Amino acid sequence: MKEKIKKYWLVIIIILIIGGVFYWFQIRPSMAYSVCHYKAESQAQKLYEDRIGDKYYVSEAEKEKDKDKIKQGYYLIDDYDYAYKQCLRTRGINR
């Protein structure tokens, strides 16, 4: 085994470097995108719920309509985008 390693050391090092580069530029960002999507979605939903909670209602029907939106997971896209970009930046991905 040691003889094969000595014979093919350059090939082994090249394979390790290629594997590391593939991980760094393909796998790590895709994992970050996935985690940040779920984090941003939950933060945006919480912000939407907080905004709705502070709202003054004229009728009880409007209040029930907004409660249904909260249950369905509505959120504002601007809140989602902001949270998503912040999450990616903390993980070292500028997109």
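None of the figures in this text is laboratory data; all of them are computed from the coordinates on show. Quick caveat: nothing in here was measured; it's all calculated off a predicted structure. So basically every Cβ, Gly included, is an ideal-geometry build from the backbone, and we count neighbours across all protein chains shown.
Scanning region 78-95 for residues that are exposed (fewer than 14 other Cβ atoms within 10 Å of the Cβ) and either more than 28 Å from ILE27 (Cβ to Cβ) or touching an Asp or Glu at 6+ places or on another chain (Cβ under 8 Å) (or both) yields a single hit, ASP78.
Of the helices (runs of 4 or more DSSP H) lying entirely inside the chain, those containing at least 1 residues that are more than 21 Å from the chain's Cα centre (by Cα) span 2-7, 9-22, 28-53, 60-72.
Listed by first and then second residue, the pairs linking a residue in region 11-29 that is farther than 29 Å from LYS85 by Cα to a residue that is of a type in the set (A, V, I, L, M) and in a helix (DSSP H, G or I), with Cβ atoms under 9 Å apart and 6 or more places separating them unless they lie on different chains, are ILE12/ILE5.
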